[in-house]
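Chemist: I am attaching a structure below and will ask some questions about it afterwards.
All of the numbers you see were taken from the coordinates with simple rules; none came from a lab. Quantities reported herein were computed from a predicted structural model and do not represent experimental measurements. Note: ideal-geometry Cβ built from the backbone for every residue, glycine included; neighbour counts use all protein chains shown.
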Amino acid sequence: MNTALRRTGISVFGDMPWGWHVCMFYQSKDDLFDTVGPYFKAGLESKEFCLWFPTAPPTIDEARLGLSLRIPDLERHLAAGNMEILRGEAWFLDGDRFDVERLARAWDDKLRGALAKGYDGMRASGNPFSLHSKYWDHICDHERQLNDILAGKPMMALCAYPMAMSSAADVLEVAQAHQFAVARQRGEWVVVEPVPATAPHALTLREREVLYWAAQGKSALEIGEILHIAKRTVDQHTQNAARKLGAVNRTQAVATALRERLIGNDPPSGNAAG
């Protein structure tokens, strides 16, 4: 598995590790297409299987047209099986049932199929909000579950919600279920629910080193070998860093550290002990 940071194709995020799970609120279809277009283009260029399951609006035809204007060779990728565009209702629902356990299996099945075909991993996007009136609680349950589904796997997900259909309570509930939440309005980005920022000196050098190597896809055992410390010490540094960053797991801690530029392209420098 290729464990390097992945290009998201989205300027507000930059490069992120696998396990990345964020949501965006968009004002218009163009705002949606202008985001998922570069997102999927980056995935296709990085040898990732791409999956989009829009729930009307937009319709499948609108989604395909909007994406083709941003990815000129879209039809070739669709014909080759590098990408699938499915009806959101078909992805999320089994008849008229929203079964979160079935969805968890569906994610794993798609990933196994992608890896078996030689892809580095899988990136996906969907906008389930039009299912809101009947399935909202299930949608939120699945969004929270998705953090665990993606963790430790070569997968990433971008969830999209239209601003016009989202109440303040909906925005807050959705934002809290993701690692980051942003809004795109007339081409401009706004952070909706920022993860609490931390000053660079709030993380110790060792904590930044552990997060840096985690961002490179290294396991706790491998990080311990690189830094000449025990695995349990790596785990402790990871937990401390996650707590300081307000992160719920290692993947979110790494994503936050990257976004806040607490770690970069090179290993942190300085003297560290323990």
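Chemist: Just to be sure I understand the model, the point goes 7 Å from the Cα along the line to the Cβ. What's the resulting Glu45 to Asp148 distance in nm?
Modeler: According to this spin-label approximation, the distance is 3.6 nm.
Chemist: Give the angle, between 0 and 90 degrees and rounded to the nearest 10, that separates the Cα long axis of helix 29-45 from the longest principal axis of the Cα atoms of the chain.
Modeler: 60
Chemist: Could I ask something else about it? For the range 73-168, build the charge dipole from Cβ charges (+1 Lys, Arg; -1 Asp, Glu) around the Cα centre, then report which of His142, Ala168, Ile85 sits farthest towards its positive end.
Modeler: Ile85
Chemist: Which entries of Lys47/Lys244; Lys110/Lys134; Lys117/Lys231; Lys218/Lys244; Lys47/Lys231 show an alpha-carbon separation above 24 angstrom in the structure shown?
Modeler: Lys47/Lys244; Lys110/Lys134; Lys117/Lys231; Lys47/Lys231
Chemist: Per the Debye formula with a single identical scatterer at each Cα and no solvent contribution, what log10 I(q)/I(0) holds for the range 200-259 at q = 0.12, 0.15, 0.31 Å⁻¹?
Modeler: Per q value, in the given order, log10 I(q)/I(0) is -0.22, -0.34, -1.45.
Chemist: Enumerate cysteines in the chain without a disulfide-compatible partner, where compatibility requires another Cys Cβ under 4.7 angstrom.
Modeler: That list is Cys50, Cys140.
Chemist: Roughly what angle does helix 205-215 make with the longest principal axis of the chain, taking Cα atoms, 0 to 90 degrees, to the nearest 10?
Modeler: On a 0 to 90 degree scale, this one is about 40.
Chemist: Where the only charges are on Cβ atoms (+1 Lys, Arg; -1 Asp, Glu), what is the dipole of the chain about its Cα centre, to the nearest 20 debye?
Modeler: 620
Chemist: Cα-based Rg (one decimal) and Dmax (whole number) for the range 6-191, in Å?
Modeler: Looking at the range 6-191, its Cα Rg and Dmax stand at 15.1, 42 Å.
Chemist: Going by a ≥ b ≥ c, the root eigenvalues of the Cα gyration tensor, does the range 1-113 fall in the rounded group (a/c under 1.5), the prolate group (a/b larger than b/c) or the oblate group?
Modeler: rounded
Chemist: Whole Å is fine, so just give me how far the alpha carbon centre of the range 43-69 lies from that of the range 238-258.
Modeler: What the calculation gives is 31 Å, centre to centre.
Chemist: Right, next: Report the gain in length on full extension from Ala80 to Asp96: 0.36 nm times residue separation, minus Cα-Cα distance, nm rounded to one decimal.
Modeler: 2.6 nm
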